[in-house]
Every structure is written in structure tokens, then in C-alpha cells.
Amino acid sequence: MVEISGLFRKHILAEFEAARAAVPVLGNNVAGSSAIAMSMVAMVVGTEPVLISFDQQGAPELTSEQLPFVCLGSGQRLADPFVAFLKSVFWDQGQYPSLADGIMAATWTVDQCIQIAPGGLGEPVRVFTLSRPTVGGQFEARELDQTELAETFQAIADARLALRNFRVVDASVPLPPPPSVD
């Protein structure tokens with residue numbers, strides 16, 4: 001993480017210097033905004049895949065059971081609470097999602113952000129994974145194809161429908177009495 005952070009910082013400092021030179025022409029906010037960037041790196045360390053995020057100054061943070069997801073970019077303020085919601089619904093016991101569930105959560109989050117803030121975000125949704133196809137095999141990075149994305153969007157539609165219908169009452173199950181008001 002330290003080596004990658006150092007490499008990022010070389011580029012970050014150069015961008016900050018360029019932004020500083022542009023301040024007289026563009027102003028602080030515009031010049032500074034072009035120099036601000038966050039990144040994430042997925043890689044294999046030893047035998048385990050890891051996800052490391054790097055903030056605007058190149059400081060690294062490793063995902064963990066306490067912080068099992070990272071959002072960044074122009075939709076981060078929208079994505080963070082949505083992913084936290086999905087985590088509380090599907091993985092509230094601290095476990096990591098399966099690869100399929102992680103794909104669904106990431107895809108759903110990006111799609112949700114596009115739907116509610118289309119001005120800064122847009123289609124197409126592209127999803128990449130880092131996984132080991134066979135036990136003991138090498139990790140592979142790959143992009144989901146259109147069929148896999150279609151299946152994921154169908155799973156999202158099914159989940160939305162289940163949420164919409166969670167209040168539908170089964171007539172064979174008696175309803176609990178309403179709370180008493182004293």
C-alpha cells in the first residue's frame with residue numbers, strides 16, 4: 001500500500017501544482033476540483049484478493065469486515081448510504097457478500113445513482129470482477145458481459161418487486177392485533 005500510495009502522490013503533487021498555477025485564471029474552486037481524485041486498486045496480496053482505496057492525498061485504506069465496501073466518484077454521496085442500506089438488509093451480520101451478491105449490490109448502487117442524479121452519472125453500467133475461477137487457480141479480472149448484466153438487472157427488478165410487495169398480506173396468516181393506545 002505504501003508503494004502504491006507513493007506512486008499516486010507523485011501524480012497528485014503534479015496535479016496540485018498545475019491547479020495552483022491555474023487559480024488566477026480559474027479561481028480556487030474550479031482549479032482545485034480538477035486536481036481532486038480518489039482511486040481504488042483491487043489486487044492479490046499473497047493468496048488473498050484485497051481492495052485498497054486511496055483518498056485525495058493518496059492515503060490508503062484497506063477494506064475489512066468493518067468497512068467491506070468503498071464508493072468513490074461523483075456519485076459517492078448518493079452511493080454510500082445506498083450501499084449501507086443494502087449491507088444492513090443483506091449482510092448485517094458482518095459477513096462478506098458472495099460474488100453474485102456483490103455484483104448485484106454494486107450494479108444496483110450504480111443504477112440507483114444514475115436514476116436519481118443523471119446529471120453527473122450515466123450509462124452504460126460496467127461491472128468488473130476479480131475472482132478465482134477454480135480452487136487454487138489464478139485470480140482473473142474480467143468485465144461482465146451483456147447476458148450477465150441482464151441477469152443482474154433482473155435480480156434487481158425481482159428485489160425491488162419483493163420490497164414493493166412486502167406489505168402484501170397472506171390471508172391464511174392472522175394479523176397481529178393493533179397496538180393499544182392509552
Out of the stretch 45-62, which residues are assigned to a strand (DSSP E or B), free of Cβ contacts under 8 Å to residues at least 24 places away in the same chain, surrounded by 15 or more Cβ atoms within 10 Å (Cβ to Cβ) and not hydroxyl-bearing (Ser, Thr, Tyr)? VAL50, LEU51
Any residue in the stretch 160-169 that is over 17 Å from GLY102 (Cβ atoms) and surrounded by 11 or more Cβ atoms within 10 Å (Cβ to Cβ)? yes
Residue pairs, Cβ under 8 Å, 6 or more apart or interchain, first in the stretch 1-19 and surrounded by 12 or more Cβ atoms within 10 Å (Cβ to Cβ), second modelled with pLDDT of 85 or more and among the aromatic types (Phe, Trp, Tyr). List them. ILE4/PHE54; SER5/PHE54; PHE8/PHE54
Does THR107 meet the test of being modelled with pLDDT under 90 and surrounded by 12 or more Cβ atoms within 10 Å (Cβ to Cβ)? no
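Every residue, every condition in (1) within 30 Å of VAL45 (Cβ to Cβ); (2) not in a loop (DSSP other than H, G, I, E, B), yes or no:
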site	(1), (2)
LEU121	no, no
ARG126	yes, no
LEU130	yes, yes
ARG142	yes, yes
GLU148	yes, yes
PHE153	no, yes
Exclusive hit being within 12 Å of the chain's Cα centre (by Cα) and part of a helix (DSSP H, G or I), set VAL83, VAL70, VAL25: VAL83
Could you say which residue among LEU149, LEU121, LEU144 is in the same structural domain as GLY75 (by TED's automatic domain parsing), surrounded by 12 or more Cβ atoms within 10 Å (Cβ to Cβ) and modelled with pLDDT under 90? LEU121
Of the conditions (1) at pLDDT below 90; (2) of a type outside the set (Gly, Ala, Ser); (3) within 16 Å of the chain's Cα centre (by Cα), the single one that ARG132 does not satisfy is (3)
Failed condition for GLY75, given (1) more than 11 Å from the chain's Cα centre (by Cα); (2) touching a residue at least 12 places away in the same chain (Cβ under 8 Å), with all others met? (1)
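The values are calculated or read from the model by the stated rules, or taken from the named source; none is laboratory data. Since the model is a prediction, treat every value here as computed from it, not as a measurement. No Cβ is skipped: glycine too gets one built from the backbone with ideal geometry, and neighbour counts run over all protein chains shown.
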